[in-house]
Amino acid sequence: MTLTVPALRARRVRRNRRGPVAVVGAAVFLAVVVVAAVAAPLLAPYSPDATSLLDSLLPPGSPGHLLGTDSTGRDVLSRLLYGARLSLLAPLGVVLASTVLGVAVGLVAARGPRWADLLLSRTMDIAFAFPSLLLAMLAVAVFGAGLAAPMVALSIAYTPFVGRVVRSLAVQEGSRAYVESYAVMGFSTTWVTLRHLLPNLAPALAAQAALAFGYALIDLATLSFLGLGVRPPESDWGSMIAQAQPAILQGLPASAIVPGVTVLLTVIAVNLLGEHLGSSVGRTDRERA
Amino acid sequence: MTVRAGTTRWVLGRLAGASGTVVVASVVVYAALQLVPGDPLATLTGGKRLTESQLDVLRQTYGLDKGFVAGYLDWAGHVARFDLGTSSVYQDSVNSLLASRLPVSLALIGYAAVVTVVLGLGVAVVSAVAGRRTATLATVLTSGAAATPPFVAVIVLLAVFSVGLGWFPVTGAGSGFLDRVWHLTLPAVAMAIAAFGVLARVGQAAFADQLRREHVEVARSRGVGRAAVLRRHVVRNSLGPVVTVVGLLLASLFVGTAVVETAFGINGIGAFLVSSVSRQDFPVVQAVSLLAVVVFVVISTAVDLLLPVLDPQLRPAVTR
């Protein structure tokens, strides 16, 4: 016991030193991206679809085109701003749906009857065997290209990840004294679970949701990159990269690299926030124990 | 005697669970065809005109005239005999279409797996041994790598190493051993970057956890050498999480071939899946999906069975 205490403290100090700068940076970056997506019509210098073959494949920093142009002369900055909308909204939808489903599944498994736990836990184990991207591609094969079918498929594919976390946390939380005392006072299991237990899971859920957002963003952008996601005239960062591929071979990769780096930075920022939320969850748990 | 009986029951339970998963997955894969808006038969013909006898074969293979359950059983019977049907685009047996594309994909997966494991464990060991500054640098590097989607890795590698420096070819899989290694290097690295990041992070965490333990301190104070402590006490005890993650990453590499093969113009299973999805070539999509699930289930079951052999602490509790 005495050995673990200094180790714990050392770890906490190190985490705090690395934490704030990176986490604040991530939060600021994400705020900028969200504002850019919302205010795209105000900020974009050009229409995202305005082509100008005379100005094709201008490098970043060209006069009038801060991030250059793509192979049909469309302004990369304008396309990046407009592309942010679908690139962020679609994964957000997946995260919301899978969180709601996962919470429902996890809570029923943890707090419901034994047979429900067995059934749901076994179903979740089986669902893990379907890689999310494969399920999304299967949905595209059934319903055709577009974002709607993959969004539904990914929501289902991510549900067991949320469900498993919620189940184990709810089982832990359910053994705490306050839950028992409510039960003794005669409150129904459902009421105690929703009113008192669920709010205590919120920080862990937020951490899980942030990580899931990163995965969903990657999966959906991957589908668009493969030509199975958004359909023209709509576009997202994945489809921007796909359309810029021939230009890479001409030695002008900027119009592919810019959306690629944007995806990467967004995912890193979301992961940093998610890990930060997750680590603070762990901390309060340890202090409580 | 009782111990062995308990172990056998546990192993049989794992195998039954694995088979159950494959069966449920195959129901989902079969149901996908029925979910396509319109007549499943029209989906299977892919708009081509077939003779009545060819149509009969399709109806029979997919059990289209019967209900869902009887239809599924018909189809599952064919699949169980490795009869995966006929591609509606190529009018060729799915088996031979897959067989011609499997070797290059397996080579790619194997190459990517070697890169992942060597780099991942290498970086994890280095950051466990090295000073704090190196370890921090390694953490930043692996966090970034773990967050890198394959398609971003692909465009950067293409832009820098193929087009910019001209060191590697832009497309194709090459012929002959050395030529193939040369062609598959960038695709394998693109697939391995995220997996390497994840593995290195898990390894770092597991090693760091062991290094803090008392048994490591005791070994050090007894004068056991640094390399021996690392090998016998740190790495040995971290095998559980490391092997689990290696299994998961290997399984994910199968689907990962989709992006990389498409981008590098490699004619393997992954690129075949993508083109079959966009052409609604259902027999191929079903076969590759099933194959992916089977690969995942086999690897994760193998890891589950392997863990107790590697680490006695992970042996299942046996009832007496």
Q. Any idea what angle helix B:177-211 forms with the longest principal axis of chain B, computed on alpha-carbon atoms, 0 to 90 degrees, nearest 10?
A. 50 degrees
Q. Considering the zone a paramagnetic label at A:Thr123 would reach in this model (a point 7 Å from Cα along the Cα-to-Cβ line), which residues of segment B:8-43 have amide N under 16 Å from it?
A. B:21, B:24-25, B:27-28
Q. Could you give the Stokes-Einstein D for the protein assembly as shown in µm² per second, using the C-alpha Kirkwood radius, 20 °C, 1.002 mPa s?
A. 81 µm²/s
**Q.** Amide hydrogen neighbours beyond the local backbone of A:Thr69, cut-off 5 Å, H modeled
**A.** A:Leu57, A:Leu58, A:Val76
Q.
I'd like to compare B:243-250, A:246-253, B:150-157, A:183-190: which one has the highest average count of other Cβ atoms within 10 Å, and what's the full order after that?
A. B:150-157, B:243-250, A:246-253, A:183-190
Q. In square nanometres, what is one fourth of the surface area of the convex hull spanned by the alpha carbons of chain A?
A. 19.5 nm²
Q. If you average the sequence gap of Cα pairs under 8 Å that are 6 or more apart and divide by the length of chain B, what percent do you get for the contact order?
A. 25 percent
Q. Along the positive direction of the dipole of segment B:3-80 (beta-carbon charges: Lys, Arg +1; Asp, Glu -1; about the Cα centre), which of B:Gly67, B:Val23, B:Val79 reaches farthest?
A. B:Val23
Q) Could you give the dipole magnitude of segment A:75-288 about its Cα centre, charging the beta-carbon of Lys and Arg +1 and that of Asp and Glu -1, in debye to the nearest 20? A) 380 debye
**Q.** C-alpha long axis of helix A:132-143 to longest principal axis of chain A, angle in °
**A.** 60 degrees
Q | Most mobile of A:Ala244, A:Ala221, A:Ala202 in a GNM of chain A (Cα contacts under 10 Å) | A | A:Ala202
Q) Is segment A:95-166 best put as rounded, prolate or oblate by its Cα gyration tensor, with a ≥ b ≥ c the root eigenvalues, rounded for a/c under 1.5, and otherwise prolate when a/b is larger than b/c, oblate when not? A) prolate
Q) Seen from all sides and averaged, what is the projected area of the convex hull of the Cα atoms in segment A:168-289, in nm²? A) 10.4 nm²
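To the nearest 0.05, what FRET efficiency results for B:Arg213 and A:Val32 with a Förster distance of 25 Å applied to their C-beta separation?
0.05
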**Q.** Three-way shape call for chain B based on the alpha-carbon gyration tensor, with the a/c threshold at 1.5
**A.** oblate
Q. If you count, for every residue in B:139-147, the Cβ atoms of partner chains within 10 Å of its Cβ, what is the mean?
A. 3
**Q.** Between segment B:71-116 and segment B:150-215, the alpha-carbon center distance in angstrom
**A.** 26 Å
Q | Anisotropy class of segment B:144-194 from Cα gyration tensor, a/c 1.5 cut | A | oblate
**Q.** Within a Gaussian network of chain B (alpha carbon springs, distance under 10 Å), most fluctuating of B:Ala190, B:Ala42, B:Ala128
**A.** B:Ala42
Q.
Distance between the C-alpha centers of segment B:219-250 and segment A:56-92? Whole Å please.
A. 47 Å
Q.
In whole Hz and in residue order, list the ³J(HN,Hα) couplings for segment A:39-54 that follow from phi through the Karplus curve 6.51 cos²θ - 1.76 cosθ + 1.60, θ = phi - 60°; x for Gly and Pro.
A. 9, 3, x, 7, 8, 5, x, 9, 6, x, 9, 6, 8, 7, 4, 5
Q. Shielding of A:123-136 by partners, i.e. mean partner chain Cβ atoms within 10 Å per residue?
A. 6
Q: Determine, from the Cβ-Cβ distance of A:Thr189 and A:Ser280 and an R0 of 30 Å, the FRET efficiency 1/(1 + (r/R0)^6), rounded to the nearest 0.05.
A: 0.55
**Q.** Whole-number Å³ per residue for the convex hull built on Cα positions in segment B:94-278
**A.** 133 Å³
Q) Counting pairs of alpha carbon atoms under 8 Å apart in space and at least six apart in sequence, what relative contact order in percent does segment A:136-246 give? A) 30 percent
Q: Take the Cβ-Cβ distance between A:Leu89 and A:Val24 as r, set R0 to 22 Å, and report the resulting FRET efficiency rounded to the nearest 0.05.
A: 0.30
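Here, each number is a calculation from the coordinates, and none is a lab measurement. Remember, predicted model here, so these are calculated numbers, not experimental data. Every residue, glycine among them, receives a Cβ derived from its backbone with ideal geometry; neighbour counts consider all protein chains shown.
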